[in-house]
Amino acid sequence: MLQVDMSASTREVFGKGSMRRLRVSGNTPAVLYGNSKDSLSLQLETKPFLKTLYQISRKNAVVNLSINGDDTRHVMMREIQTDPVDDRLIHADFLEINLETSRSFSVKVEFTGKAKGVDRGGEIVVHNAVVVLEGLPLEIPDVISVDVSDLDIDETILFADIKLPENVKMDSDGDILCVEVVSAAAAAAAAAAATAAADSAEAAEAAEAASADATDTEADASAEGDAASADSE
C-alpha cells in the first residue's frame, strides 16, 4: 500500500470565526481520532496538504502524520470537506490505525492482456472491478492485476479465481462475477435489453411527470372555481 508523509500541528483555536481566519492564513483545520485515543484537533498547511491529496486521490494510502515534529501517527484519510462553490478545503478528518491489525480495504482490479475470445469475435464484459481484501494495511496491494489472455468466449473469471498476495484474503463473495467474454450476438442482445430498459424507465418517468402536471392543473382549476364561487357570494 502507498505510504506518504504529512506534517501537522496541534490546533488551539475553535469556532467559525477562528476557523475562517485559520483558512485565510493558509491552513486547514483537521481532527485526528481512532485507535482508542482521545480526538486531537490539528491544522495543516493547505498547499502541501493539497499536493499530497492529489497524490493519493482514489487510492488506499497510509499517511505517516508528524504532529509538532516529534509525534508520528499512522493514519488514513477519513473525510475531506470542501466548499461546494469554489472547492476550497474546509476541514479534514484523519483516522489513526494500527499497522499490526488487519483491516478490510476496497481495491481496484486491473485487467491485463487481450482475451483470446476477443480475437475470435467475442466481447469482453467487466462486471465488477473492485474487490474487498483483508490484511495488514501495508500488505494490501494498490491494485490487483488479472490476466484475461486465456479467457475464451463464454468463459468467466470469478472473484474466487483471482490470485491474491500472501497474507491477504478475500472479503468479497468469491462467487461474484468479475469479468467474462461473451459472443457478439450475446453482447448485442444485452445492449438491446439495456437500451429497452432505459427507454422504459424514461417513459415511466415521463408518464409520472405528466400525471403530476395533470393533478396540479386540476388542483389549480378547482382552486380558481372555489375562488370564483366565493366572489359571486
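If you take every DSSP beta bridge whose two residues both sit in segment 1-118, what share of them, in percent to the nearest 5, is antiparallel?
DSSP beta bridges in segment 1-118 are roughly 65 percent antiparallel.
Going through the cross-link list Lys37/Lys108; Lys16/Lys47; Lys37/Lys169; Lys37/Lys59, which pairs have a Cα-Cα distance over 24 Å in this structure?
Working: Lys37/Lys108 31 Å; Lys16/Lys47 21 Å; Lys37/Lys169 28 Å; Lys37/Lys59 26 Å.
Where the Cα-Cα span goes over 24 Å, the pairs concerned are Lys37/Lys108; Lys37/Lys169; Lys37/Lys59.
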*For segment 19-75, what is the Kirkwood hydrodynamic radius in Å, using each pair of distinct C-alpha atoms?*
12.6 Å
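Could you sort 103-111, 54-62 so that the peptide with the highest average Cβ count within 10 Å comes first and the rest follow in order?
Numbers: 103-111: 15.7, 54-62: 13.6.
Most protected by this proxy first, the peptides run 103-111, 54-62.
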*Does segment 2-96 come out rounded, prolate or oblate, given a ≥ b ≥ c as the square roots of the eigenvalues of its C-alpha gyration tensor, rounded meaning a/c under 1.5 and, failing that, prolate meaning a/b above b/c?*
oblate
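Roughly how compact is segment 103-182, stated as its Cα Rg over 2.2 N^0.38 Å to two decimals?
On the way: Rg = 13.1 Å, N = 80, 2.2 N^0.38 = 11.6 Å.
Dividing the Cα Rg of segment 103-182 by 2.2 N^0.38 Å gives 1.13.
Which of the trypsin sites (Lys or Arg not before Pro) across segment 117-180 are loop residues per DSSP, with 14 or fewer other Cβ within 10 Å? Please report the intermediate quantities before stating the final value.
Numbers: sites: Arg120, Lys163, Lys169; in loops: Arg120, Lys163.
The qualifying sites are Arg120, Lys163.
Quick note: the coordinates plus some simple rules give every number you see, no bench work behind them. Keep in mind it's a predicted model, so treat the numbers as computed, not measured. Cβ coordinates were reconstructed from backbone atoms using ideal geometry, including for glycine residues, and neighbour counts include every protein chain displayed.
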